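Notes for the one structure printed next.
The values are calculated or read from the model by the stated rules, or taken from the named source; none is laboratory data. In this text, all values refer to a predicted model and were calculated from it rather than measured experimentally. Ideal geometry is used to build each Cβ from the backbone, glycine not excepted, and the neighbour counts take in all protein chains shown. Side chains are part of the model used for accessible areas, which takes the heavy atoms of the whole protein and leaves out ligands, DNA and RNA. Shrake-Rupley method; radii C 1.70, N 1.55, O 1.52, S 1.80 Å.
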Amino acid sequence: MAPTSFAELAQADCVHRRVYTDPAVFEAEMQRIYGRTWIFIAHESEVPNPGDFKTDTLVRRPIIIVRGSDGRVRVLANTCPHRGAKVCYTDYGSASRFRCMYHGWTYSTEGRLIGVPQRERFENFNPGADFGLAALPRVESYRGFIFASLSPDGLTLSEHLGAGTGYLDEFCDRAPDGTVQATKPIKYGYAGNWKLQLENYADPYHAAVLHQSALEIGRTILKEKYASAEFTPQSIRTDYYQRGYGSGHGIADFGHGRGGNWMNAYRNPAYFEALRAKYDEERARELLELDVHLMIYPNLLMHSRANHYRVIKPLAVDKTEVWAYPCRLGGAPQDVNDALILNTSHHVSAMGEVQVDDMQAFDWVQSGLQNETMEWVLFKLGGANWREDERGQFQCDSPSEGIIRYQYREWARLMAAGELAAIPGITVGT
Amino acid sequence: MGTANPASVSDRSAELERFVYHEAKLLDQRQFRAWLNLLTPDVTYWIPNYNDDGPPGECGVIVLEHLLELRARVERTLDPRNPTQQPPPRTRHFLTNVLVDWGSDGTSAVVSASLLLYVSKDGRLSAFPGQCDYTLHNVDGKWRIAAKTINLLGNAGALSSLPIV
């Protein structure tokens, strides 16, 4: 049966192709998911001082992330309320005010209107707070990670993140001083739906097949590179797990130490000593061996091993950008940070070793789903071992497609209301 | 070649121009192992992520590799299991505005050129304009690439897969 409502598009272990191909579904997602829940926006280290700003887009809306003179970070519309022009024109910078270059209206770094040329000649014009740069109604941060919501009400950020904060903590705790600093992003784009990236990140099933060439050739060559560092390939663990945390967030474990030698950044005795001094030996090892993908639904992906986060930017039903931000670990030796940044680059860039394979797969899926005969996309791997653990989290063994099903439970919850318009199309087999 | 060659500066510069054209031809013909032979053992191959980037290592890169990693890249590129090579992209490098800046002793030179790279893949044609800067060394009478830096005009934007540039 063809689905007649949004809710029916996502079944327990499969989703309908229209989830990836229907522009009406995409527009509904942008309202019901991106317009309602918490969206990751920026990291505080990108705007460390009063006046520091960054511009970006939140689903096509131009925004300014700016630290005001009061020290607070705001997310403002990059749109002059006079005629609608943008008022800030560079990616990053520092400013004492924003001045629209069209007619000269000027705004403070808190978004207040502070100057209107020839104001005495305006008619019926009493600019109060209404004529500032519109601020997003809710902005909160957790350990430097700034989230905002287009909706004035809903869960608090803390309620939304739930147990997912544990892995955000681990991401930051690997820094000897407990802070990370985001560098400028490495961006990639593909002709496919935004959820393909989210699913792929939760999917250890594909790695041995899709990335076979990258993994085998990469490891062989790098074995040679690290020969002098007593390179010892580690056995691949088989007891990987996946966890779901509520609100669609989850992790996919890729096996401790999988990348430990492949990405050899953490092998620095001074760095290990700094962590051991701060915690203890066991915790220091645990932090360094952690190799998980964390997904904060719907747009933030974190990579513990290559020490970066990625922001998913949906542009159209079949067009997506992903911006990957390599992070420096505060207080870690320079060579550790340099290596982490290079590792991220070589993982995700357009000439990297891994993400280019995934982008090719996204392209194949988006093309393949144009066949109406391919109605349902399957997520049936590892279905039997879901369980709720003692912390109230869902967990299953890996490799599994369980965490993808978990993402779609949240998708269906947020998308539930409303009828789905019928799409006229060919009828097959009659 | 090199210091022993009494040829005029313009003849010697024309030789380096032919050398970078030859390099481009090897890449377009997918003769990647032969391309590796044009590199010095300590080669640096760098495509910065932003035009104002400082020294490599301080910020992300599109690529920063040396001979070992480039050898791995070539083997991956020739490996039919590599998804990005299904089918292999076809490329055409256009180099213009070639300028040669000779080192003091004639055994090294910096060559800069404007680049226009076309890539055909899966029925899509993409263009990547930019600039190539080569540091060339004369090693035993043969010119070799000690460094190649490519500044792509679109480097700060979202890119999909790039072939060897």
How big is the gap, in Å, between the Cα center of the stretch A:159-180 and the Cα center of the stretch A:264-307?
10
Where the centre of each part is set by its Cα atoms, how far does the stretch A:72-98 sit from the stretch A:360-384, in angstrom?
41
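Count, for each residue of A:338-346, the Cβ atoms from other chains sitting within 10 Å of its Cβ, then give me the mean as a whole number.
For this peptide, the per-residue mean of nearby foreign Cβ atoms is 4.
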Can you pull out the cysteines in the protein assembly as shown that have no other Cys Cβ under 4.7 Å?
A:14, A:88, A:172, A:327, A:396, B:59, B:132
Could you name the lysines whose alpha carbon sits less than 23 Å from that of residue A:54, not counting residues in the same chain fewer than 8 places away?
A:86, A:184, A:187, A:313
Helix-only estimate, please: 222 nm mean residue ellipticity of the protein assembly as shown, summing -39500 (n - 2.57) across DSSP H runs of length 4 or more and dividing by its residues, to the nearest 500.
-7500 deg cm²/dmol
Mean Kyte-Doolittle of at least -1.0 and a Cα length of 18 Å or more along the axis: which whole DSSP H helices of chain A meet both?
A:212-225, A:334-348, A:355-368, A:402-415
Accessible area per residue of the protein assembly as shown at 1.4 Å probe, in Å²?
43
Under-5 Å amide H pairs with residue B:146, H placed in peptide plane, nonlocal only
B:40, B:135, B:136, B:137
Of B:138-151, A:313-326, A:394-407, A:108-121, ordering from highest average Cβ density within 10 Å down gives A:394-407, A:313-326, B:138-151, A:108-121
Average beta-carbon neighbours from other chains, 10 Å sphere, peptide B:82-94
3
Most packed first (mean Cβ within 10 Å per residue), the peptides B:90-97, A:371-378 order as B:90-97, A:371-378
Hey, got the average number of other protein chain Cβ atoms within 10 angstrom for residues in B:116-128?
1
Hey, can you rank B:27-39, A:58-70 by average C-beta count inside 10 Å, highest first?
A:58-70, B:27-39
